[in-house]
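The values are calculated or read from the model by the stated rules, or taken from the named source; none is laboratory data. Treat the numbers as computed from the prediction; the structure is a model and nothing was measured. Please note: Cβ atoms are built from the backbone with ideal geometry, for glycine as well, and neighbour counts cover all protein chains shown. Accessible surface is based on the protein model in full, side chains and every heavy atom, while ligands, DNA and RNA are left aside. Shrake-Rupley method; radii C 1.70, N 1.55, O 1.52, S 1.80 Å.
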Amino acid sequence: MSPFIIEAAAVGLKEGIKLCAVWLVFSSFLGKEKQGLIRLFYYGLLASSAFAVFSFFIPPDIFIKELTSKAIGFVFFVFFISTVGAVYQSTGLDLFGPLRVLFRHEKVLRALIVFSTVLYFLPDVMGSSMFIREISEMKGVYLTTYISAAGGFLIPVVFTVAAMKSSKTSLIAGFFGIPQVLLFLSMVKLLGGGIKGFAEMSLIPSVERGVMKFVHDVVHQVFVFLMVPDHPLLRTTTWNFIGFFFGSSFAIALVLGILLLPPAIFLKRGFFMPIPEPLGHMTGAERRARKAALRAERRKRAVPSAVFITVVLLSWFSGRGEVASVLYNPKPVPVVEDKGSIVIPLSDPTMNLMDGRLHKFSFVSGEHSIKIIVIKKPDWRLAVCLDACEICPPEGYGQTEGNVVCIYCMTPIPVETLGKPGGCNPVPLKAEVTEKDVRIDVVEILNKWQDVISGQTKEAVK
Amino acid sequence: MRFLKGAYKVLSSKELLLWLIGGWVIYYVTSAFIYKEAFAKFAEGLGKNPLIQALFIVFLLCLYMNIARLFSGRLGDGEKILAFFHVAIYIGIALFITGFFVSASSRNIAIRVVGEGEIIEVRWLERAYSIKEIKASLREETLDIDEEKGIFKYEPKILISDGIRDYEVGAYPPRLVNNTYFSILNFGLAPGVRLLKGSEVLDEGYMPLRIIPPGAMDNFKIEPYPYKFTVRIAPSRIIEKGALRAKLYNFNDLSYEVEVTRGEAVLFTGNSKEGVSFDGLSLSFFKPAYWVMLWVVRDWGYPVMIAGIMVFVVGVPLKFLPFVIGRRRA
């Protein structure tokens, strides 16, 4: 079976699982008394589906895809910060004050459910629809791809309908209060919010990239304010120490710390916080029974947190996290000039430029050994650049998940931004990409290389 | 009085602090989705946007009052010293953030590329400073494989003078001179260059170039002539031992690898010691000078940030001390 068909089925299955998991948990949370509110959830789903159908007619513009990807990330952030707020609210803090009354209004609650459902599902459905359309266009097989995606989507739906009819879903109701529901929604979004098929199924890489960028910017700004001098005056060991803060290991630790803090607070509350004494006049036995019930409820509510922590840690370190922490730096393949150009085949028995991995080539001109990098970007275009930037000594780049990383200063550069000059980005090269190969003019390479190894001119000081 | 008590109650509340921190996180993440450089935009806003500055001041007030509330809460448990140990780490963080805010909102900065004998004049400086001396502190000889040792015996320094006193300025930490910080941001070589036609000197001077560390290449032009001169420091010796090949650079006796071009045409390639001749002209090099890129900063927030870092570093072990003392007493 074609890999595109399998990928379409996997994307459909992922979206189906996300929908069904949220449907199941929300329905159980509402319970029998408030089951009527589930209709609002269905209205929200309907609105999202309508937009999804509309998205089939939107051209798969890079800008629209980037916007959709950002929207998904933003929705994850909204639900995650709501979880943090709910956690603090549950510890006894009164974050909302008089605004709490507002959330008890029926109309406000109804509007919130519809809005939250559309906010939650719409970007994912749009993004996945655009992806399915893209791969069907690439393969030229439309019907099979869509049927495959629909089939993957329907499998979990059928199972969920059967489960809900069996009424056994009420068993999970006891595990979910408002903070737990929000945490669950955040977890589902984090683990299944990717819209790049197999290349990026979850939001974990983009969350990690965002945190790395934040840490890089804060450290850089602090160093500017502390007047720490520029690279050339720092020894390699000192710069390596600073580079630690720009590295993926530090970012991974920080991201995990941030993500796992709310569930860790839940766990602490569930297992270690003392149970308050029940108020009112009751016997010793009644008091003990009340406290035992409260303890059991707290521990039950802590279970989703424990699951979240386990799932996030497993996802992070099973291949994805490990790949992110290892810098892939391939050995350059020598290439030679052919009638004024460098010609690199798109694929041969030893390599495939479209595989998403970083490819390096070396070209010797006089006493200069110039390295060139080629990598496929998420929009399926090839980025062709010098293995050097305008700022740092030309030590080149390695690859981590979703980024190329400057080996000298450890700055991560998102792959989708390659091709744009400036800053720590590798110097782009004008290249002609045909159906079979990539052609780069030698004069272009030499001119750009000359710019890299020379600085700016200065006026004479007399 | 009631108003003040009410204001204190609100400002010292944990809820307000969480809302302010949460609000900033929402602002930053939203900004990061719209702009590529969200943090730089925020730092710029701290310097220019009155709304951001006002909110930040409220946040700082709230932070300090929460620390005061925490301290007074711990006082109720017993000793003042232990209460201080508990909050020292937060005081360090608060001081650091305060220093950051003061830096962002009130910093004056100037960058100057100067050589020996030049004068530094900046608009907020009450007096001008002259560069009396540049101490390059380069090793006499450097191997190009000495990466870990670096090229400096010690950091480069300059001697500046206000006519009354001399001040030595290095790369780090910055030197405070009359409420202004001076530090060396970058350093380089300015070869002495003379353009001749026969024996007639057409032009001469020092050309600040980025050719340190050795191996780096830079280029310059001499107006109004149409030539581009590309220069790098030439090794005095090449040492080969088996497969290892290293270049030795002697800063006491410098020569340069020079390429002269006019447009696309290469007119000369070679070593400066052999003489650089092209189109009836010649280029000679005389003893180089050094240039430094000097950071001149007036920043009231810098000492506060440093104090914050120091208090934070001291506060980290202090935070655990009451726990250890408590266990020992038990």
Cα convex hull volume per residue for the protein assembly as shown (Å³): 242
Dipole magnitude of chain B about its Cα centre (Cβ charges: Lys, Arg +1; Asp, Glu -1), debye to nearest 20: 2020
A:Asp355 paired with A:Val157, simple spin-label distance in nm, labels 7 Å along Cα-to-beta-carbon: 3.8
Accessible-area value, A:Phe250, 1.4 Å probe, nucleic acids and ligands omitted, Å²: 60
Charge context of B:Gly270, other residues only, Cβ under 10 angstrom, K/R +1, D/E -1: -2
Accessible carbon and sulfur surface of the protein assembly as shown relative to its total accessible area, %, 1.4 Å: 63
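Based on the alpha-carbon gyration tensor of the range B:82-140, what equivalent-ellipsoid semi-axes (square roots of 5 times the eigenvalues) come out, in whole Å, largest first? Mind dumping the intermediate values first?
Details: eigenvalues 306, 74, 18 Å².
So the three semi-axes of the range B:82-140 are 39, 19, 10 Å.
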At 0.692 mPa s and 37 °C, Stokes diffusion of chain A via Kirkwood alpha-carbon radius, µm² per second: 129
B:Lys319/B:Ile109 FRET efficiency (R0 51 Å; Cβ-Cβ; nearest 0.05): 0.90
Simple label model, 7 Å out from Cα along Cβ direction - B:Ile21 to B:Phe286, nm: 6.4
Kirkwood-Stokes translational diffusion coefficient of the range A:56-120, alpha-carbon pairs, 37 °C, 0.692 mPa s, µm²/s: 228
Accessible area that becomes buried as A packs against B, both chains, 1.4 Å probe, Å², nearest 100: 4500
Rounded accessible area of B:Arg237 (nearest 10 Å², 1.4 Å probe): 130
With all protein chains modelled, accessible area of B:His86 [1.4 Å, Å²]: 30
Charge dipole of the protein assembly as shown about the Cα centre (unit charges at C-beta), most positive-ward option of B:Gly308, B:Ile233, A:Gly340: B:Gly308
Under the Debye formula (equal points on every Cα, no solvent term), log10 I(q)/I(0) of the range A:1-147 at q = 0.14, 0.17, 0.18 Å⁻¹: -0.80, -1.07, -1.15
List of the range B:190-216 residues, accessible area with partners at least 50 Å² below that of the chain alone (1.4 Å probe): B:Pro208
In nm, spacing of pseudo-spin labels at B:Ser31 and A:Asp348 (7 Å Cα→C-beta vector): 5.0
10 Å Cβ neighbours from other chains, averaged over peptide B:217-228: 3
Accessible surface, the protein assembly as shown, averaged per residue in Å² (probe 1.4 Å): 52
FRET efficiency estimate (nearest 0.05) - Cβ-Cβ, B:Glu121 to B:Ala265, R0 45 angstrom: 0.60
Kyte-Doolittle mean at least 0.5 and Cα axial length at least 20 Å: DSSP H helices in chain A: A:3-30, A:38-55, A:62-90, A:106-139, A:142-165, A:178-192, A:204-225, A:248-271
Sites A:Ala111 and A:Val307, calculated FRET efficiency, Cβ-Cβ separation with R0 45 Å, nearest 0.05: 0.90
Dipole in debye (nearest 20) - chain A, about Cα centre, beta carbon charges: Lys, Arg +1; Asp, Glu -1: 2540
Leading residue at positive end of dipole, the range B:1-56 (Cβ point charges), from B:Gly23, B:Leu4, B:Ala43: B:Leu4
The protein assembly as shown - charge dipole about Cα centre, Lys and Arg +1 at Cβ, Asp and Glu -1, debye rounded to 20: 4580
Radius of gyration and Dmax over the Cα atoms of chain B, both given in Å: 28.6, 93
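Compute the Rg to Rh ratio over the range B:33-126 from the alpha carbon atoms, using the Kirkwood formula for Rh, and round to two decimal places.
Reported Rg/Rh, Kirkwood definition of Rh: 1.19.
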